[in-house]
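Heads up, the thing below is written out as structure tokens.
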Amino acid sequence: MNAWIKRLHIYAGLLSFTILLIFGVVGVMAVLLPPPPERKQPDFIGRTVPFAVPPNASDEDLARAVWQKLSPALTGPPPKFSIRRDASHNLLFQVFSPNGPTRVTVLEQEGQVRVETRRNLWWQYFNVLHETNIQSNIPDIRVRLWTYYNEFSIWTLMFMSLSGVWLWLVSRPGWLWARVSFAVGLALFALVWMVLR
Amino acid sequence: MYRFIRNAHLLIGLLSAAFVFMYGASSVQFAHRWFNVQAKAEERTVTIGAGAAGARAVARELMNAHGLDGELVQIREKPTGVAFRLNRVGTNYEVDYTAATGVTKIRTMTTGVMAMLVRLHHVNGVWHEFAWINVAAGILALVSLGLILLGASGIYLWFKLHKERRIGTILLAANLIFSLTLMILIRMA
């Protein structure tokens, strides 16, 4: 059985190798980044397109109708939390893709919508990929497939951490450095848990 | 070389196992929301010195006299005094201080185990005033670096296992073709 656990440990790692690297890179970047207000973001790039506003649509219906007409790539329907009105009472909403957000302002009186997009930097792209899970509302098949890959990798990550400990216990449990390493890891986790709880 | 890499893989894996499991378990929660992660709230009222000069002075007195701790955020000046939050990842305090009387309402919100795992997952940056968050972020950076090293050393160790080379090559190629193709297609969309 241990031979099979070792084999599965290897297979799991090979099958999720790419996303494990992404998890690692995103984790390092998350620590190195400055506080959110100081992070440099690419500018939004805007354009205006004509849009005839249906007279009896609710804000949510209107946002959805605009989203359907614009069909921004790799986005899902506008989430409720993003739908609001600006100081001029224009309807605003945002939709999100792994490549960045799209901000839409419905200019009802002009019969137009202003569409502004911002393209994520590479690390932002990796960050969004690492958090794009099966809860994502993006129907595009490419993103759906990625969410399944992400789901698979979450479970393999846990499996590898548990099976790795198991494989140590059945192969070299007496190795002092391994004991020290495991104990230090547990102690650090306990410390972080206690001081931040 | 093989022996060194094998030992390093084992030591890094054991050192980071608990954190990696935390990342995995919290990711399951993100993806499935199987557990209730609502914080439990309790309220109490204490009296501290009246006329304190701002949120920092109030926070300091609450830390010294009433055992509160955490990062001072979301400060709101009010006609009657000041309100703010003290965040400590697993426990957050909402404080409402009345300057005239010193009466201070404290709403303490504590989380369960899964919510704590989720919040630990979100710890980032080393700019926090609450130093322990910076310490945790530093450890998490090392664990993330460990993940990269585990991946790289794992590939080496697998390649040296000759009997697993054929099926491993198929699995690795399948992974790379699938994931890199998707990453490129999504980025180019």
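So that you can scan it fast, the table gives a plain yes or no per residue for (1) at positive phi; (2) at the interface with another protein chain (Cβ under 10 Å from one of its Cβ atoms); (3) without any contact (Cβ under 8 Å) to a residue 60 or more places away in the chain:
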| residue | (1), (2), (3) |
| --- | --- |
| B:ALA39 | no, no, no |
| B:ALA59 | no, no, yes |
| B:GLY70 | yes, yes, no |
| B:PRO79 | no, no, yes |
| B:GLY90 | no, yes, yes |
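Of all strands (runs of 3 or more DSSP E) completely enclosed by the stretch A:41-132, which ones contain at least 3 residues that are more than 14 Å from chain B (Cβ to nearest Cβ) and exposed (fewer than 12 other Cβ atoms within 10 Å of the Cβ)?
Numbers: elements: A:45-50, A:91-97, A:100-107, A:112-117.
Hits in the stretch A:41-132: A:45-50.
With of a type in the set (Gly, Ala, Ser) and closer than 30 Å to A:TRP168 by Cβ as the only criterion, which of B:GLY81, B:GLY90, B:GLY49, B:GLY54 stands out?
B:GLY90
For the stretch B:36-152, which fully contained strands (runs of 3 or more DSSP E) count at least 1 residues that are at pLDDT below 90 and charged (D, E, K, R)? Even if it seems obvious, please write down each step before you answer.
Working: elements: B:40-47, B:71-78, B:81-88, B:91-98, B:103-110.
Strands (runs of 3 or more DSSP E) meeting the threshold: B:81-88.
Which condition breaks for A:LEU176 when tested against (1) more than 26 Å from A:TYR11 (Cα to Cα); (2) modelled with pLDDT under 95; (3) more than 8 Å from chain B (Cβ to nearest Cβ)?
Evaluating A:LEU176 over (1) more than 26 Å from A:TYR11 (Cα to Cα); (2) modelled with pLDDT under 95; (3) more than 8 Å from chain B (Cβ to nearest Cβ) leaves (2) as the failure.
Quickly run through the stretch B:11-37 and pick out the residues that are hydrophobic (A, V, I, L, M, F, W, C), without any contact (Cβ under 8 Å) to a residue 60 or more places away in the chain and either surrounded by 22 or more Cβ atoms within 10 Å (Cβ to Cβ) or under 30 Å from B:ARG60 (Cβ atoms) (or both).
Hits for the stretch B:11-37 are B:LEU14, B:ALA17.
Mind counting the residues in the stretch A:137-161 that are buried (at least 16 other Cβ atoms within 10 Å of the Cβ), more than 7 Å from every other protein chain (Cβ to nearest Cβ) and under 22 Å from A:VAL25 (Cα atoms)?
Here the count works out to 6.
Mind listing just one residue for me: the one in the stretch A:1-40 that is assigned to a helix (DSSP H, G or I) and of a type in the set (D, E, K, R) and, of those, nearest to the other protein chains (Cβ to nearest Cβ)?
A:ARG7
From the list B:GLY146, B:GLY102, pick out the single residue that is over 26 Å from the mean Cα position of the chain (by Cα) and surrounded by 17 or more Cβ atoms within 10 Å (Cβ to Cβ).
B:GLY102
Restricting to the stretch B:122-131, name every residue that is surrounded by fewer than 20 Cβ atoms within 10 Å (Cβ to Cβ), touching a residue at least 12 places away in the same chain (Cβ under 8 Å) and at the interface with another protein chain (Cβ under 7 Å from one of its Cβ atoms).
B:GLY125, B:VAL126
Take the stretch B:59-82 and flag every residue that is farther than 22 Å from A:ARG197 by Cα and buried (at least 18 other Cβ atoms within 10 Å of the Cβ).
B:GLY81, B:VAL82
The values are calculated or read from the model by the stated rules, or taken from the named source; none is laboratory data. As the structure is a computational prediction, the values presented were derived from the model and not from experiment. FYI the Cβ positions are ideal-geometry reconstructions off the backbone, even for glycines, and counts take in every protein chain you see.
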